[in-house]
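Here is the structure we will look at.
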Amino acid sequence: MQLAETVSGWGNMKREIVFLAMSGVALLLSIFDVQLFPWDMAWVAILLCGVPIIGGAIYGLATAFDVKADVLVSLALIASVIVGEIFAAGEIAFIMQLGAMLEELTVARARAGIEKLVQLTPRTARKLFHGKETVVDASDVSVGDILRVLPGETVPVDGIIITGHTSINQSVMTGESLPVDKEPGDDVTSGSVNQFGAFDMRAEKVGEDSSIQRMIRLVQSADAGKARIVGLADRWATWIVVIALAAAILTYLATQEILRSVTILVVFCPCALVLATPTAIMAAIGNATKHRFLVREGDALERLSHISRLAFDKTGTLTFGKPVVKHIRSIAENLSDELLYRYAASAESRSEHPLGKAVLQGYQEKYGNTFTEPEDFRMIPGRGIIAMLEGKQILAGNIQMLEQYHVEGIKTVSSAAAFVLSKGCTAIYLAVDGVASGFIALADTLRPDAQSVMHDIREAGASPVLLTGDHKAAAENIATALSMQEFHADCLPEDKLKFITQYQETNEKVCMIGDGINDAPALKKAYVGIAMGGIGSDIAVEAADIALVNDDIRELPHLLRLSKRMMRTIKGNLAFSMLLNFLAILLAMAGILNPVVGALVHNAGSLFVIVNSAFLLRWQG
């Protein structure tokens with residue numbers, strides 16, 4: 001269905017371009033009085049561009065008494081044809097259809113994100129019944145069923161682990177890239193990925209109640225209330241039509257000259273008014289493209305100019321989304337920090353866990369390949385690893401692993417790591433031959449430009465706020481580093497949606513900036529959504545109005561300033577076009593302008609609007 005609509009829309013666009021090209025050529029031939037047929041060539045523009053306008057105006061009036069700018073255009077077209085001013089009618093039709101096509105080019109919409117979300121929904125589950133494992137359709141799972149999830153598989157429904165230890169990638173729901181260790185009694189959500197250990201779980205929420213299905217519904221409904229900005233020409237159309245008709249009728253009654261009345265209708269046509277907004281928007285989009293923004297919704301920049309608050313996701317947006325080693329600390333007298341680091345890197349050299357890979361990479365960047373391959377290696381899912389190295393047993397993992405293997409000195413190493421944990425770091429605890437020997441602290445890395453970007457955003461008139469699925473300590477640490485006055489931690493997709501709704505209910509227009517699947521509902525709900533296009537998920541990009549292609553957040557302040565500059569250009573265009581219209585009306589009333597000259601005045605006004613908008617292409621701010 002969606003593909004058919006897309007193909008149909010593109011087919012209509014190509015037809016409009018062909019009709020406009022033919023009409024433009026016909027008008028040029030008419031100007032130079034080239035007669036290829038026994039009638040004025042401007043009739044081509046009237047038939048190809050004018051008839052659809054008249055048809056749309058009649059339909060709108062007949063079905064909903066919808067008075068738009070095309071009503072006045074239709075009146076001017078018909079009146080010009082009646083009095084024999086064929087070129088004036090063709091020129092009006094051509095300019096109005098050109099403006100309409102520009103608007104269509106700027107308001108293209110995409111819905112593929114929801115389809116991609118649906119594809120994330122697990123299709124099958126391993127159901128255990130009387131000790132036998134059977135693969136069933138995920139939709140057939142009932143509450144209370146016992147399921148088995150193997151390494152690499154997607155959790156089919158929401159539930160609770162009853163046996164087994166593992167690490168779960170929950171980025172689909174929380175946005176955080178680091179896997180979370182799980183054990184019996186912990187909950188798991190549908191759509192998350194089991195990375196290492198097999199486990200059995202009891203189904204708690206299935207079908208439409210599962211987390212992934214709830215998020216799909218959020219994305220589908222989140223933009224239902226997002227206001228769409230109506231073209232200013234259409235917004236003022238009723239008044240324009242009334243004033244134009246009144247002026248034309250009064251002029252005829254006063255002068256008894258129908259040509260003056262027709263000229264008033266021609267010069268009052270909102271040609272420049274119709275072009276004022278789409279030309280400025282397209283020029284601003286061209287400017288944004290040079291700064292690596294892909295503007296996916298035509299009115300996104302117009303909406304962006306009104307926002308008062310920018311809500312940021314943390315991981316992948318303000319940070320790089322990859323853990324790096326921040327601190328190494330040995331608590332053993334005979335073990336230096338460097339030696340502890342080498343033990344950890346050597347032990348983790350066979351690990352597939354993101355934290356283990358980060359330890360090895362950090363060591364290699366600092367000391368090269370001076371680590372030693374372990375003599376024996378074993379991963380304990382949801383806990384850590386055990387390795388034999390140079391005759392020593394190395395344990396690297398969480399506190400639960402140290403407790404499981406009855407390591408000495410757990411309280412001492414735990415106390416030593418308390419400070420880095422309070423700063424939002426994740427700790428890998430290390431034990432050598434059964435004695436707690438130290439820890440390695442890892443954390444995501446803040447983008448180096450983030451602090452200056454926050455300052456520039458405030459200078460541009462918006463307040464930044466942090467919405468993250470990370471825990472409170474990490475969120476608070478980032479917010480403090482960036483001088484952000486407000487932050488919300490432990491946010492699931494519905495939580496981010498809730499906070500944005502609360503802001504917007506108090507008439508604050510919010511721009512959401514994120515990169516993950518979990519950000520998709522918030523990106524849809526926000527007045528404007530900006531996705532990190534480089535590292536962001538396809539679903540986040542599809543849900544957003546704008547995508548930042550190279551993930552360089554330094555460009556965000558420019559985009560904010562550009563949107564405001566664009567609005568000033570639009571208002572300037574509108575003021576000029578209205579002034580020109582009223583001046584032309586006075587001249588038409590006085591009999592100085594005839595329909596053809598009036599149409600040419602419109603050409604000059606439209607050209608001014610296009611040139612003025614074009615300056616946005618090179619604007620730097």
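The values are calculated or read from the model by the stated rules, or taken from the named source; none is laboratory data. What you are looking at is a predicted structure, and each value in this text was computed from that prediction instead of being measured. Neighbour counts are summed over all protein chains in view; Cβ atoms, including those assigned to glycine, are modelled from backbone coordinates with ideal geometry.
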task = Test residue 389 against the stated conditions and say whether it is hydrophobic (A, V, I, L, M, F, W, C), surrounded by 14 or more Cβ atoms within 10 Å (Cβ to Cβ), within 40 Å of the chain's Cα centre (by Cα) and not assigned by TED's automatic domain parsing to the domain that holds residue 184.
result = no
request  = Consider residue 346 carefully, then state whether it is farther than 30 Å from residue 151 by Cβ, small (Gly, Ala, Ser) and surrounded by 14 or more Cβ atoms within 10 Å (Cβ to Cβ).
outcome  = no
ask   = Where residues in region 374-385 are at negative phi and under 43 Å from the mean Cα position of the chain (by Cα), which of them is surrounded by the fewest Cβ atoms within 10 Å (Cβ to Cβ)?
value = 378
query = Listed residues 294, 310, 275; which is crowded, with 22+ Cβ neighbours inside 10 Å and under 30 Å from residue 452 (Cβ atoms)?
reply = 310
task = Of all residues in region 347-356, count the ones that are modelled with pLDDT of 90 or more and among the charged types (D, E, K, R).
result = 1
ask   = From the list 410, 394, which one is buried (at least 20 other Cβ atoms within 10 Å of the Cβ), touching a helix residue (DSSP H, G or I) at 6+ places or on another chain (Cβ under 6 Å) and among the β-branched types (Val, Ile, Thr)?
value = 394
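A quick yes/no check of all residues on (1) hydroxyl-bearing (Ser, Thr, Tyr); (2) surrounded by fewer than 16 Cβ atoms within 10 Å (Cβ to Cβ):
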{"site": "416", "(1), (2)": "no, no"}
{"site": "427", "(1), (2)": "no, no"}
{"site": "434", "(1), (2)": "no, yes"}
{"site": "437", "(1), (2)": "yes, no"}
request  = Kindly indicate whether any position in region 226-249 is in a helix (DSSP H, G or I), modelled with pLDDT of 80 or more and touching a Ser or Thr at 6+ places or on another chain (Cβ under 8 Å).
outcome  = yes
request  = Please give the helices (runs of 4 or more DSSP H) falling wholly within region 413-516 in which 2 or more residues are under 19 Å from the mean Cα position of the chain (by Cα).
outcome  = 450-459, 493-505
request  = Inspect region 517-525 for any residue being surrounded by 24 or more Cβ atoms within 10 Å (Cβ to Cβ), at pLDDT 80 or above and under 24 Å from residue 287 (Cβ atoms) and give the result as yes or no.
outcome  = yes
inquiry  = Any residue that is modelled with pLDDT under 85, crowded, with 19+ Cβ neighbours inside 10 Å, assigned by TED's automatic domain parsing to the domain that holds residue 255 and of a type in the set (A, V, I, L, M, F, W, C) - is there at least one of those in region 555-573?
reply    = no
message = Anything in region 250-260 that is over 13 Å from residue 586 (Cα atoms) and in a helix (DSSP H, G or I)? List them, or say none.
response = 252, 253, 254, 255, 258, 259
key: Contacts under 8 angstrom Cβ, first residue in region 22-44 being assigned by TED's automatic domain parsing to the domain that holds residue 78, partner β-branched (Val, Ile, Thr) and surrounded by fewer than 13 Cβ atoms within 10 Å (Cβ to Cβ), 6 or more apart   = 41/34
query = Could you say whether any residue in region 204-218 is of a type in the set (Gly, Ala, Ser), under 30 Å from residue 378 (Cβ atoms) and at pLDDT 65 or above?
reply = no
query = What number of residues in region 237-264 are over 44 Å from the mean Cα position of the chain (by Cα), farther than 19 Å from residue 81 by Cβ and in contact (Cβ under 8 Å) with a residue 24 or more places away in the chain?
reply = 3
ask   = What is the residue count in region 456-475 for residues that are among the charged types (D, E, K, R) and either in contact with a Cys (Cβ under 7 Å, 6 or more places away or on another chain) or modelled with pLDDT under 85 (or both)?
value = 2
